[in-house]
Amino acid sequence: MDREVSAKLEVLFKTKLNSAMRMYLETCARCGVCVKACHVYNSMPETKYTAVGRAEVVRKLFRAYFKLEGKIAPWLGETVKLDDVTVDELYDAAFSCTGCRRCVTYCPFGIDTQMIMAIAKALVIGADKAPAVLSILSDMSIAKGESIAETAVAYEEAIRNLESDVKALWAEPWKPGAPFIPIGVKGADVLYVALSGAHSIVSAAAIMNAAKENWSLSYFEAVNFGAFLGDAAKAQAIAKRITDEAVRLGVKEVAIVECGTAFRFMKYMTGRHPFKVSAFVELIDRYVRGGQIKLDDGKIDGTVTYHDPCQIARNGGVFEEPRNVIAHLTKNYVELKPSREDNWCCGGGGGLISMGELDFRMKSSRVKADQLRSSGAKVVTTACENCHSQLVDLNEHYGLGMRVEFLSHIVAKALMA
Amino acid sequence: MQADAVAAASNAAEAGVSAAADAVSAASADVPLTAFGIVLSKIEYFVTVPMVYLAILFFAAAAVYKIVSIFSAPAPGYAPTLYPLKKRPMMAAMSDAFAMPQVRKHAPVFWVFLMVYHVAFILLILGHLDILPSINIVDPESKHMLGAGAVGVGVTLPMFYFIIRRFSGEVRRISTPADYLLLFLLLFLFLLGDMISWGNSWTAHGFVMTKADFSLYFDGLVRFTFDDPRKVLPGSHFHFVVLHVLLANVFFIVLPFSKVMHVFLSLPINILRRKPWTAK
């Protein structure tokens, strides 16, 4: 790495030093309490997979470039320089971290390793070593936002083709004469932001139609590859496509598909909006509590458990809603141990699913497989696309013999008149 | 009040005369000094008087600079809140900072030592303030300082545990040289403190130096008399006092650059994870 690049990275590092980050980098006592927090470390016990081990890669740079200690006694904090070796270490630290923030529940200070990893990701991007697949997917999302007119017609046509599937789940549109999948509706109460796959649209459409919700489908997919990549500008650009659409249509609420990162980013990281942001599972819960939909509680065979997606539960505050919905679907529910804010991450977040990384994802999530197996459940439900994909892979890899279901899918199948 | 304290100190000093005589050494004021002794006494004076002011001044300036630079940095674009939210977020943050429930849950033995250490450290600060003639938590005529040695043991024993833990398993692998040096600095600081607060009563004649003796030294410091503490702290134990003060000075100087800044940052950093998010 030449001096020009390392100087550029130093400037980039400095831009990330907000007040919280400064405290996170200054305060760690290296007490080691967080060591046992990470699912990766618990599955593959290497120091570099501990929360503190990941953060120390960034801290060693912080000491070197921004602390007096690094200038006069670099050996005290084992400082490192911004070079190719360090960038590789930053890559390993950042892209083996799913950003689940389970370590925050262990740390006596509440140090946020995910936020520290944002520096690692920014430096990796600055050194032009970011995962190509996440960069390409981010750029594609942004390009779609810039040229929506060119793709809108084809998208609407594809959506029309899904209507029969929606009708098979619930025979009525939300109001007589309305399309089964309304799209681009001005004045809709709810803008539902799906993913590119039909599976993220059909069940949700049936549920909202059954609830007689005045809703509209977004032209954009919710997933934020910019957030996975750690590129703040791209992440905001991707989110802005949706917020602009929501403002243009004048909706009261934006409901995010079962995708943890998309929900958390839109709700907590894009500033104040003239609309409410909800996870789709919150809508389902509202419909159930309000009597807008009724569910058949005898449709699921076997014990059911629920995997709390990290970005929706621990990092998003949605705990009770899915449990209330499941209580209307089955009498045979069992909690995972640990659960709720202590739940093990599935091991697929932080862009790992999009990057492939099957071998690493399976090895690093052995504790998750053990947790699922010991629950004794036959069905594991969740409310996140990444979690679902990862749980399907774990189920197959570890021979768990479970069924993995999106919560919205089992709700749609259990809808009663 | 001050006159009382000085009188009490001189009474106590009289009581300790024979002990001090027993403990007489080359450092005693009554023995002619060699050239080395003169240099040593100048160094010891520097350590126990001017350096104390310099160290505390440096600590205050550097700590204030660091805290101001942290809080004047831009706020993060989002709140790193952890859910579920607590009913009383500020109380939860204070509980996190002062009771460390996360450590209690995940490392209970470590937590016991941490709690003993931190409570004892607070008492240690009070015990040092109590040496000032104007503050009398413990009777000024008492030979003992606050806790009669137990406070010192309260910080020293956990320090042994922290060191053993630091050298063990994964904690060793995440440690930097600064972590070890800080622990050893504190260990020797505390051991010397134990020697001059508790161990100095282990002579055949009881106390060599008492709380009243130390109060004369502290009184000189707070009144900026620049008097040589050798005059009020007789006996060979004075060298231990000098070493103790030297390590305390070093601790003050390195504190703003060390992880001990968590003393000031623990509460605000915990507020970050407990504070409910509001969009801006």
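Quick notes on this one:
- Taking 0.36 nm per residue of separation and subtracting the Cα-Cα distance, full extension of the segment from A:SER374 to A:LYS337 would add 12.5 nm.
- Annotation for the stretch B:166-237: trypsin sites (Lys or Arg not before Pro) lying in DSSP loop with at most 13 further Cβ atoms inside 10 Å of their Cβ are B:ARG223.
- Placing a label point 7 Å from the Cα of A:LEU162 along the Cα-to-Cβ direction, the residues of the stretch A:377-416 whose backbone N falls under 13 Å of that point are A:409.
- Taking chain A as a Gaussian network of alpha-carbon nodes connected by springs under 10 Å, the highest mean-square fluctuation of the residues A:VAL334, A:VAL52, A:VAL325 belongs to A:VAL334.
- Pairwise centroid distance, computed over Cα atoms, of the stretch A:51-116 with the stretch B:147-200, Å: 26 Å
- Inter-centroid distance (Cα atoms) of the stretch B:242-271 relative to the stretch A:1-43, Å: 22 Å
- Shielding by other protein chains, B:259-271, mean Cβ within 10 Å: 5
- Across A:LYS378/B:LYS87; A:LYS16/A:LYS71; A:LYS212/A:LYS337, pairs whose alpha-carbon gap is larger than 25 Å: A:LYS378/B:LYS87; A:LYS212/A:LYS337
- Karplus 3J(HN,Hα) series, Hz, for the stretch B:41-49 with 6.51 cos²θ - 1.76 cosθ + 1.60 (x for Gly, Pro): 5, 5, 4, 5, 5, 4, 5, 8, 10
- 18 Å reach of a label modelled at B:SER134, 7 Å along Cα-to-Cβ, counting backbone N of the stretch B:215-246: B:215-227
- Within the stretch A:40-60, backbone nitrogen closer than 20 Å to the virtual label 7 Å beyond the Cα of B:ALA73 toward Cβ: A:51-60
- In percent, rounded to a whole number, the relative contact order of chain B is 39, using alpha-carbon pairs under 8 Å and six or more apart.
- The trypsin sites (Lys or Arg not before Pro) found in the stretch A:147-218 that occupy coil by DSSP, while having at most 15 further C-beta atoms within 10 Å, are A:LYS186, A:LYS212.
- On the beta carbon distance between A:SER196 and A:HIS273, with R0 = 25 Å, the FRET formula returns roughly 0.60.
- Built amide H within the under 5 Å cut-off of A:ARG403, gap 5+: A:VAL379, A:VAL380
- Ranked from largest to smallest solvent-accessible area, with a 1.4 Å probe on the protein heavy atoms, A:TRP215, B:TRP277, B:TRP202 come out as B:TRP202, B:TRP277, A:TRP215.
- Neighbouring partner chain Cβ atoms per residue of B:171-181, average, 10 Å criterion: 6
- Three-way shape label, the stretch A:229-272, alpha-carbon gyration tensor, a/c 1.5: oblate
- Computed lengthening from A:LYS363 to A:ASN18, 0.36 nm per intervening residue step minus Cα-Cα distance: 120.7 nm
- Local charge for B:SER69 was computed over the other residues whose Cβ lies under 12 Å away, with Lys and Arg +1 and Asp and Glu -1, and equals +2.
- Choice from A:ALA211, A:ALA132, A:ALA239 showing the highest fluctuation, given a GNM over chain A with Cα pairs closer than 10 Å: A:ALA132
- Relative to the dominant Cα principal axis of chain A, helix A:366-375 is inclined by about 40°.
- For A:TYR333, the residues whose amide H sits under 5 Å from its own are A:VAL304, ignoring neighbours fewer than 5 places away on the same chain, with H placed 1.01 Å from N.
- The Rg/Rh ratio for the protein assembly as shown is 1.10, where Rg is the radius of gyration of the alpha carbons and Rh is the Kirkwood radius.
- DSSP beta bridge pairing in the protein assembly as shown, given as percent antiparallel to the nearest 5: 10 percent
- A simple spin-label model places the labels of B:ARG172 and B:ARG88 4.4 nm from each other, with each point 7 Å out along Cα-to-Cβ.
The values are calculated or read from the model by the stated rules, or taken from the named source; none is laboratory data. These numbers come from a predicted model, not from an experiment. Virtual Cβ from ideal backbone geometry, glycine too; neighbours counted across all protein chains shown. The area values use the complete protein model at the heavy-atom level, side chains included, leaving out ligands, DNA and RNA. Shrake-Rupley method; radii C 1.70, N 1.55, O 1.52, S 1.80 Å.
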